[in-house]
1. How do the pairs read when you match residues in the range 104-121 that are touching a residue at least 24 places away in the same chain (Cβ under 8 Å) and part of a loop (DSSP other than H, G, I, E, B) with residues anywhere that are open to solvent by 30 Å² or more (accessible area, probe 1.4 Å) and of a type in the set (Phe, Trp, Tyr), using Cβ under 7 Å and keeping only pairs 6 or more apart or on different chains?
2. Condition (residue is open to solvent by 20 Å² or more (accessible area, probe 1.4 Å), β-branched (Val, Ile, Thr) and over 30 Å from Val41 (Cα atoms)) applied to the range 81-89: is it met by at least one residue?
3. Please count how many residues of the range 209-237 are in contact with a strand residue (DSSP E or B) (Cβ under 8 Å, 6 or more places away or on another chain) and either open to solvent by 50 Å² or more (accessible area, probe 1.4 Å) or polar (S, T, N, Q) (or both).
4. What pairs come up if the first residue lies in the range 26-37 and is without any contact (Cβ under 8 Å) to a residue 60 or more places away in the chain and over 11 Å from Pro57 (Cβ atoms), the second is open to solvent by 60 Å² or more (accessible area, probe 1.4 Å) and part of a helix (DSSP H, G or I), and their beta carbons are under 8 Å apart, counting only those six or more places apart or on different chains?
5. Taking into account only those residues within the range 123-163 that are of a type in the set (Ser, Thr, Tyr) and farther than 15 Å from Glu105 by Cα, which is surrounded by the fewest Cβ atoms within 10 Å (Cβ to Cβ)?
6. Between a residue in the range 172-188 that is free of Cβ contacts under 8 Å to residues at least 60 places away in the same chain and any residue that is acidic (Asp, Glu) and assigned to a loop (DSSP other than H, G, I, E, B), which pairs come within a Cβ distance under 6 Å, given they are 6 or more apart or on different chains?
7. Tell me which residues, restricted to the range 183-193, are modelled with pLDDT of 95 or more and open to solvent by 20 Å² or more (accessible area, probe 1.4 Å).
8. Any residue in the range 61-84 that is in contact (Cβ under 8 Å) with a residue 60 or more places away in the chain sitting within a Cβ distance under 6 Å of a residue that is of a type in the set (Asp, Glu) and open to solvent by less than 30 Å² (accessible area, probe 1.4 Å)? List the pairs, counting only those 6 or more apart or interchain.
Amino acid sequence: MHLFYTPTIEIHHNQFVLSEEESKHAIRVLRLAVGDSLYLVDGRGGWYTAEILDAHPKRTTLHISDVQQDYQKSPYYLHIAIAPTKNIDRIEWFIEKATEVGVQEITPIICEHSERKEVKVDRLVKVAVAAMKQSLKAYLPKINPPISFSQFLNNDCKSSVEYYIAHCAEGEKFYLNDGAKVAGKYLILIGPEGDFSEKEIQRCLDAGYRPISLGNSRLRTETAALTSCLEISIINR
């Protein structure tokens, strides 16, 4: 199955022209020809079935024969706010796997103990696009620019969202499957390698965040974040 990401396509289009990059990939690399079928996703839930009308390596023209909206739409909304790791490859790994498992929004947060203060959002988006195509999904996670922990907490909270913080400090905690509602809107905070500071944890608790445990092992940042994604996915099966 040949799947292409085409964010500018609209559901009313009967024809569509692939970008030069995608056209080159389709014609030169995959060696597709007139009459061959392929599939498009817009990252917003649209899944398009198409046929090549003009196999031009710079502007391949397609006929759209079928459109499915809300393709395999998730019954829940999961937002992971995660402190970027010192080794950016580990965050990219998380983005890839979370996109495959299911996540709708990701925000890099800069905490007191963060070793990395900057991330290239464009690079993270490219990783998510590749994972979306590989896993045959039609939704691309929203990846926000990095923001400080304080700014993130000061943002207005949306209603009907369940707020959680995963941390390693002592204190009463619960597991997600003991409290998270099915088909909910979840926000889960994941701290840096040195964990959230005591002040940050207390601020979250004062703001109504519920502390959660992800098991007895001490997990790396990206592992904790992916574990959260997996637990929410299993809860909503």
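1. Here the result reads Gln104/Tyr77, each pair linking the range 104-121 to a residue that is open to solvent by 30 Å² or more (accessible area, probe 1.4 Å) and of a type in the set (Phe, Trp, Tyr).
2. Looking for residues that are open to solvent by 20 Å² or more (accessible area, probe 1.4 Å), β-branched (Val, Ile, Thr) and over 30 Å from Val41 (Cα atoms), one finds none in the range 81-89, hence no.
3. Of the residues in that region, 4 qualify.
4. none
5. Once the filter is applied, the top-ranked residue is Ser159.
6. Cβ pairs passing all conditions: none.
7. Ala183, Lys185 - these are the residues of the range 183-193 that are modelled with pLDDT of 95 or more and open to solvent by 20 Å² or more (accessible area, probe 1.4 Å).
8. His79/Glu105
The values are calculated or read from the model by the stated rules, or taken from the named source; none is laboratory data. Note that this is a predicted model, so its numbers are computed, not measured. Every residue, glycine among them, receives a Cβ derived from its backbone with ideal geometry; neighbour counts consider all protein chains shown. Remember, those area values only see protein heavy atoms, side chains included, never the ligands or the DNA or RNA. Shrake-Rupley method; radii C 1.70, N 1.55, O 1.52, S 1.80 Å.
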